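Have a look at the structure below before the remarks.
The values are calculated or read from the model by the stated rules, or taken from the named source; none is laboratory data. Only a predicted model underlies this, so the values are computations on that prediction, with no experimental measurement involved. All Cβ positions, glycine included, derive from the backbone under ideal geometry; neighbour counts span all protein chains shown.
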Amino acid sequence: MSTAAIAEKRPSSLRGASLPKWSPYAIALGSLALAVLIGTLGGLHSRVQWGLIAALLFILGTYGVSARVEGRRQAKDRVATSLVWVAFLLAVVPLVSLVWTTVQRGVKVLDVYFLTHSMGVVADTEPGGGIYHAIIGSLEQVGLATLIGAPIGVLTAIYLVEYGRGRLAQAVTFFVDVMTGIPSIVAGLFILSLMLIFKMQPFGFAGSLALAILMMPVVVRSTEEMLKLVPNELREASLALGVPKWRTILKVVLPTSIGGITTGIVLSIARIAGETAPVLLLVFGNPFINTNPFEGAQSSLPLYIYQQYANSVGSGAAYDRAWAASLTLIAFVMILNLGARGIARWKAPR
Amino acid sequence: MAKRIDVSGLTAYYGAHKAIEDISMTVEPRSVTAFIGPSGCGKSTFLRTLNRMHEVTPGGRVEGKVLLDSEDLYGAGVDPVAVRREVGMVFQRPNPFPTMSIFDNVAAGLRLNGGYKKSELADVVEKSLRGANLWNEVKDRLNKPGAGLSGGQQQRLCIARAIAVEPKVLLMDEPCSALDPISTLAIEDLMGKLKEQFTIVIVTHNMQQAARVSDRTAFFNLAGVGQPGRLIELDDTERIFSNPSVQATEDYISGRFG
């Protein structure tokens, strides 16, 4: 008798019963239908409740069906998979909802006119006007903050990773950690107190300083991690060629990690671009176009959104402008992120 | 061009831990000297003291003298960067710079040290790649990234990079341990060629390799775990492998170690 014949008669110990590939979708559809039924019969109006019931039914149903057909281990595996999916959907729903709402309400007044005109001669209650002054303010304040914060942050990280030993490095690390937790309003108050000492009026650069304070620890942290990822062998290879340490850092370590460092800097720019509190304190807001960040009040996108929304009682125009400015801000941050990804991919070691 | 190394009374530490103790030896110019010995006996540490790479490790420090043609590498006012230009190094794992092309990798030492004309650069790169037996394989793709080569080619690229700065001595820390036999053979052939110009010191765990490539062999050992490593004996390779004067050496190379 051949061995193949024996194998055919014996049930395989390696292959058990398994659910067909479409079963998760079927269970999902079934639990959704059941949830809608329960929802309508029970008189639940909130769609969120329907969704949660469907998610619960889906997980229970998956476990029940799978445990019966495939066994308990596979059932647990499937439940873990469905939990991950449910968590993913729960995370995505608010995100999509936020983007959708902003786009829906923002496109109403968002056009070239809106992007190229200020609020100079438009009262907050009237329609018209735009965000040109706020875009100028945002770009200048965030740009100057980046010019201050990014180099200091990157250099600090280089010190910590490449040179820092002992007490000083520990102290720097500790204070960077503390700075990460500074609320933005406190950074604003810090600069404000300096301004009061020197009896200065609000101006854009003061906001930049506060934003730079907020940006620095984020840049230090991300750059530190990126520099630590550079293999020590590369540093040693360069040093063994008789290259001084500073050139090794400049020509070998930094180019190897430049993609990650840029991503970190851009993410921190995205973080400060949405800061309102310090800008409110230090830059004050200004409906007119002021292109000089070193003198006179300016506006900025988050501040504009806040002020328009605060004045929107009984005025649909201000309300619409707030949403349109929000859409612009989100688009700005998203373009920055895409740009960072592009740079990271372009500069990545091949 | 090649230089003699005279080591006397060298002791190296990692922080409070003594890694190697009281090593004295002479490395002859234009020859291959192999270091063999069990793991942790300080071969690599000793090798790294010969171009002051040991002190790159946090806590690493050295006592004693290393004379390179009668000039002490650890003398007052000696610049470690200048030492490393004289004494090049090839590492265990191939480590080409990932952001650079093959050409740039070889040119790296010259470029990063500055003071080179562009026209000379191409010649030096070609000469170094020929010296490392790699030119024919890469001459058509010099602008491709160095990390795209095979492991053996990468290691020869690293050798080309090391010899491009024209050192007097070339230190090799287990250069073949991550390579297949054919790449190993290529690198061993290369060592035979390079020793006409350079003083070569190689650390290896492969005793056949030591027997094949080296003119002189040094055996290192340690008395026990946590004890510093010591030089047991240094002699012509033939004598070490046929009739060593210390029993421990014979036990180690005949596999009766321990």
Study note, to complete from the structure: Only one of A:VAL86, A:VAL92 is assigned to a helix (DSSP H, G or I), modelled with pLDDT of 90 or more, under 29 Å from the mean Cα position of the chain (by Cα) and of a type in the set (A, V, I, L, M, F, W, C), namely A:VAL92
Check your understanding: Of these, B:ARG84, B:ARG111, which one is surrounded by 21 or more Cβ atoms within 10 Å (Cβ to Cβ), within 12 Å of chain A (Cβ to nearest Cβ) and of a type in the set (Lys, Arg)?
Key -> B:ARG84
Study note, to complete from the structure: Of (1) within 14 Å of another protein chain (Cβ to nearest Cβ); (2) among the aliphatic types (A, V, I, L, M); (3) crowded, with 16+ Cβ neighbours inside 10 Å, A:LEU211 fails just (1)
Review point. A:ALA187 fails exactly one of the following numbered conditions: (1) in a helix (DSSP H, G or I); (2) farther than 24 Å from A:SER268 by Cα. What is the number of that condition?
Key: (2)
Check your understanding: If a residue has to be in contact with a Pro (Cβ under 9 Å, 6 or more places away or on another chain) and over 16 Å from A:ALA270 (Cβ atoms) to count, how many in the stretch A:210-230 make the cut?
Key -> 2
Practice item. For B:ALA186, state whether it is aliphatic (A, V, I, L, M), more than 30 Å from B:LYS117 (Cβ to Cβ), surrounded by 14 or more Cβ atoms within 10 Å (Cβ to Cβ) and at pLDDT 90 or above. Key: no
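Residues checked against (1) modelled with pLDDT of 95 or more; (2) touching a Cys at 6+ places or on another chain (Cβ under 8 Å); (3) assigned to a helix (DSSP H, G or I):
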| position | (1), (2), (3) |
| --- | --- |
| A:THR146 | yes, no, yes |
| A:LEU155 | yes, no, yes |
| A:PRO202 | no, no, no |
| A:LEU209 | yes, no, yes |
| A:LEU227 | yes, no, yes |
| A:LEU239 | no, no, yes |
| A:TRP246 | no, no, yes |
Exercise for review: Can you tell me which residue among A:VAL220, A:VAL279 is modelled with pLDDT of 95 or more, over 19 Å from B:PRO98 (Cβ atoms) and in contact with a Ser or Thr (Cβ under 6 Å, 6 or more places away or on another chain)?
Suggested key: A:VAL220
Check your understanding: Just checking, which of A:GLY285, A:GLY259, A:GLY274, A:GLY264 is at positive phi and either more than 14 Å from every other protein chain (Cβ to nearest Cβ) or under 26 Å from the mean Cα position of the chain (by Cα) (or both)?
Key -> A:GLY285
Practice item. Report yes if A:SER257 is without any contact (Cβ under 8 Å) to a residue 40 or more places away in the chain, surrounded by 21 or more Cβ atoms within 10 Å (Cβ to Cβ) and among the polar types (S, T, N, Q), otherwise no. Key: yes
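Looking at the stretch B:1-55 only, could you name the residues that are β-branched (Val, Ile, Thr), more than 16 Å from the chain's Cα centre (by Cα) and closer than 30 Å to B:GLY192 by Cβ? Break it down stepwise before answering.
Going through the stretch B:1-55, the residues β-branched (Val, Ile, Thr) turn out to be B:5, B:7, B:11, B:20, B:23, B:26-27, B:32-33, B:36, B:45, B:49.
When the remaining residues are screened for being more than 16 Å from the chain's Cα centre (by Cα), the result is B:11, B:20, B:23.
Across the stretch B:1-55, the qualifying residues are B:ILE20, B:ILE23.
To keep it simple, each residue is scored yes or no on (1) of a type in the set (A, V, I, L, M, F, W, C); (2) buried (at least 17 other Cβ atoms within 10 Å of the Cβ).
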| position | (1), (2) |
| --- | --- |
| B:THR199 | no, yes |
| B:PHE219 | yes, yes |
| B:ALA223 | yes, no |
| B:GLY226 | no, no |
| B:THR237 | no, yes |
Study note, to complete from the structure: The lone condition B:LEU121 fails out of (1) within 12 Å of another protein chain (Cβ to nearest Cβ); (2) within 30 Å of A:TRP346 (Cα to Cα); (3) without any contact (Cβ under 8 Å) to a residue 24 or more places away in the chain is (1)
Exercise for review: Grab the strands (runs of 3 or more DSSP E) fully contained in the stretch B:185-258, keeping just those with 2 or more residues being among the hydrophobic types (A, V, I, L, M, F, W, C) and within 18 Å of B:GLU174 (Cβ to Cβ).
Suggested key: B:199-203, B:216-222
